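Please read the structure below before turning to the comments.
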Amino acid sequence: MKGIKIVATGKYLPRNIVSNNDFSEIVETSDEWISQRTGMKNRHLSSGEPTWLMGSLAAQDALSSGGIDPLDIDLILVTSVTSDYMTPSAACLVQAHIGAQNAICMDVNAACSGFVYALDMARRYLCFDDIRRVLIVSSETLSKITDYTDRASCVLFGDAAGACVVEAADSLYSSDLGSDGTKAQLLYCKNPFQVKHPFMKPELVPEYDEIISPETEFLYMDGREVYKFAVKALPKAIGAACEKAGIRVEDIDLIIPHQANIRIVETAARTLGVPMGKMYVNLEKYGNTSSACIPMCLDEISKGGLLKRGQTVAVVGFGAGVTYAAAIFKW
Ligand code: UT7
């Protein structure tokens, strides 16, 4: 089976740390509520560093820790819901900053599932001989789209970037990805640009239902419904990926879930019948950083020596779209 090997990891965290108590000064909340309902304590927030820069710094951290020449990168995939430019891609901006002139570059937007979608894409590219090394960068500046008057969502999100370099390996790999656009209204942020030009003819617009409501310029989330989706999607995707790989859930050494809420992780662990010790959690330090959560975890695991080569790892994300994705591979 053509599998993958993560050969280097990196991260970037803004230095500005915001605690639960800091939030109680701007909205009606408390450290107790946030800790008990989410498990979160702190998150890092950008003070202006753009998404592409955070991604570039995470990429440079990965390249230097793996001793990899940027010119040896064949493909750069950047995942983000908070890109600074509609065009060019964030991947091109990262490429220029790190000097990876030989890479082809593109962005992937699958919200909080973005990293696992990109990992699965990387693996498919690596099945062909002309792509030997893929740099995945997940960079999110959720503070740009967060409504800091909405206590139900603003306490959840943080800014961060994670990166990893992936190569092909002759080892186990399986994945289970899915999307359901009929649930788009559960979690969205509308593009502020709308059609407005001197030649408008509104009578020519076909009838359509607006996908999203209510109107808000910020990120909107139906927390309870997303929660219900997440606690089902997470174990389902892991189960399906195990089945495709011909392994049991018990055979996985470490599961790295999207870091949205400790209660989601605990419920998924119970459903899967795995101890919490096998679920990697760092959300108390960083909050939910969308697609950056999983590569940030991978970097901690890699630099902390928490896994040995050959152990079996599962990564699993879920989020807006709605989307979900799990991948199982050898460390
Ligand atoms: O990465 C994308 C995926 N996102 C997720 O997976 C998030 C999924 N959803 C969640 O994690 C949870 O639904 C939340 C953390 C967002 C909310 O937790 P909850 O236990 O579902 O709370 P709730 O929405 O049912 O609200 C319970 C109460 C409400 O008050 P009332 O109506 O019972 O009086 C809320 O207004 O808690 C209130 N509340 C808060 N109170 C203090 C909501 N947010 C806060 C807050 N501080 N920050």
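Read phi for every residue in the stretch 257-270 and hand back ³J(HN,Hα) as whole Hz from Karplus 6.51 cos²θ - 1.76 cosθ + 1.60, θ = phi - 60°, with x for Gly and Pro.
Each residue's phi maps through the Karplus curve to give x, 4, 9, 8, 5, 4, 5, 5, 5, 5, 5, 5, 4, 4 Hz.
Please give the contour-minus-distance gain from V27 to C127: 0.36 nm per residue of separation, less the Cα-Cα distance, rounded to one decimal in nm. Before the final figure, lay out the partial values.
On the way: separation 100, 0.36 × 100 = 36.00 nm, distance 4.97 nm.
My answer for the length gained is 31.0 nm.
Dipole of the stretch 174-330 (Lys/Arg Cβ +1, Asp/Glu Cβ -1, origin at the Cα centre): which of S290, G223, A268 lies farthest to the positive side?
Farthest towards the positive pole: A268.
For the pair K244 and I211, what calculated FRET efficiency results from E = 1/(1 + (r/R0)^6), where r is the Cβ-Cβ distance and R0 = 35 Å, to the nearest 0.05?
Details: r = 32 Å, r/R0 = 0.90.
Given R0 = 35 Å and the Cβ-Cβ separation, E is 0.65.
Output ³J(HN,Hα) for the stretch 314-319: one whole-Hz value per residue in order, computed from phi by the Karplus curve 6.51 cos²θ - 1.76 cosθ + 1.60 with θ = phi - 60°, and x for Gly and Pro.
Ordered by residue, 3J(HN,Hα) equals 10, 10, 8, x, 7, x Hz.
Skipping prolines and chain starts, which residues have an amide H placed within reach, meaning under 5 Å, of the one on L172, given they are 5 or more residues away or on another chain?
Those qualifying (amide H under 5 Å, at least 5 residues apart or on another chain) are K330.
Expressed as a whole number of Å, what is the distance separating the alpha-carbon centroids of the stretch 274-322 and the stretch 36-104?
Value for the Cα centre distance between the two parts: 18 Å.
So in the stretch 174-330, what percent of DSSP beta bridges are antiparallel if you round to the nearest 5? Could you put the intermediate results ahead of the total?
Details: 16 of 21 bridges.
Antiparallel bridges: around 75 percent, rounded to the nearest 5.
For the stretch 3-172, calculate the relative contact order in percent as a whole number, restricting contacts to Cα pairs under 8 Å that are 6 or more residues apart. Don't skip to the end; give the middle numbers.
On the way: 376 pairs, mean separation 58.8, N = 170.
Relative contact order for the stretch 3-172 comes out at 35 percent.
Give me the distance in nm between label points sitting 7 Å out from Cα along the Cα-to-Cβ direction at K201 and E266, one decimal.
For K201 paired with E266, the spin-label model returns 6.0 nm.
May I ask you to evaluate 6.51 cos²θ - 1.76 cosθ + 1.60, the Karplus curve with θ = phi - 60°, for each residue of the stretch 109-117 and list the ³J(HN,Hα) values in order in whole Hz, giving x for glycine and proline?
Each residue's phi maps through the Karplus curve to give 10, 10, 6, 5, 8, x, 4, 5, 4 Hz.
Only bridges with both residues in the chain count here: give the DSSP antiparallel percent, nearest 5.
Working: 38 of 54 bridges.
Bridges in the chain are about 70 percent antiparallel.
What size of dipole, in debye to the nearest 20, comes out for the stretch 3-172 about its Cα centre when the only charges are +1 on Lys and Arg C-beta atoms and -1 on Asp and Glu C-beta atoms? Working shown, then result.
Details: 12 positive and 21 negative charges, 41 e Å.
Charge dipole of the stretch 3-172: 200 debye, to the nearest 20.
Indicate the gyration tensor shape class of the chain (rounded, prolate or oblate), computed on the Cα atoms with a ≥ b ≥ c the square roots of the eigenvalues: a/c under 1.5 is rounded; otherwise a/b larger than b/c is prolate and the rest oblate. Could you put the intermediate results ahead of the total?
Numbers: a/c = 1.39, a/b = 1.17, b/c = 1.19.
Since a/c stays below 1.5, the shape of the chain is classed as rounded.
Mean separation of Cα pairs under 8 Å and 6+ residues apart, divided by the residue count of the stretch 174-330: what relative contact order is that in percent?
Working: 229 pairs, mean separation 57.2, N = 157.
Relative contact order comes out at 36 percent.
Among 159-165, 265-271, 294-300, how do they line up from the highest to the lowest mean number of other beta-carbon atoms within 10 Å?
Details: 159-165: 30.6, 265-271: 18.4, 294-300: 26.9.
Order by mean packing, descending: 159-165, 294-300, 265-271.
State, as an integer percentage, the relative contact order of the chain based on alpha-carbon contacts under 8 Å between residues 6 or more apart. Before the final figure, lay out each step's value.
On the way: 788 pairs, mean separation 86.3, N = 331.
That works out to 26 percent.
Using a 10 Å cut-off on Cβ atoms, rank the peptides 128-138, 245-255, 25-35 from the highest mean neighbour count down. Each step should come with its number before you reach the end.
On the way: 128-138: 21.4, 245-255: 16.4, 25-35: 13.4.
Averaged packing, sorted descending, gives the order 128-138, 245-255, 25-35.
So what is the 222 nm mean residue ellipticity for the chain from helices alone, if each DSSP H run of at least 4 adds -39500 (n - 2.57) and you divide by all residues, rounding to the nearest 500 deg cm²/dmol?
-9000 deg cm²/dmol
Looking only at the stretch 3-172, where both bridge partners belong to it, what percent of the DSSP beta bridges are antiparallel (to the nearest 5)? List each step's numbers first, then the result.
Values: 20 of 30 bridges.
Roughly 65 percent of the beta bridges in the stretch 3-172 run antiparallel, per DSSP.
Heavy-atom accessible area per residue, the chain, 1.4 Å probe: how many Å²? It would help to have the intermediate numbers written out before the result.
Details: 15120 Å² over 331 residues.
Per-residue accessible area for the chain comes out at 46 Å².
Past the 20 Å Cα-Cα mark, which pairs from K278/K308; K11/K303; K236/K285; K11/K190; K5/K308; K278/K303? Write out the running numbers ahead of the final one.
Details: K278/K308 14 Å; K11/K303 11 Å; K236/K285 27 Å; K11/K190 28 Å; K5/K308 12 Å; K278/K303 18 Å.
K236/K285; K11/K190, as the Cα separations exceed 20 Å there.
Just the number, please: carbon plus sulfur as a percent of the accessible area of the chain, 1.4 Å probe, no ligands or DNA/RNA counted.
Details: 7980 of 15120 Å².
Carbon and sulfur: 53 percent of the exposed surface of the chain.
The values are calculated or read from the model by the stated rules, or taken from the named source; none is laboratory data. Since the structure is predicted, the reported quantities are computational estimates derived from the model, not experimental observations. With ideal geometry, Cβ positions are generated from the backbone for all residues, glycine too; neighbour counts draw on all protein chains shown. Surface areas here come from the heavy atoms of the whole protein model, side chains and all, with no ligands, DNA or RNA. Shrake-Rupley method; radii C 1.70, N 1.55, O 1.52, S 1.80 Å.
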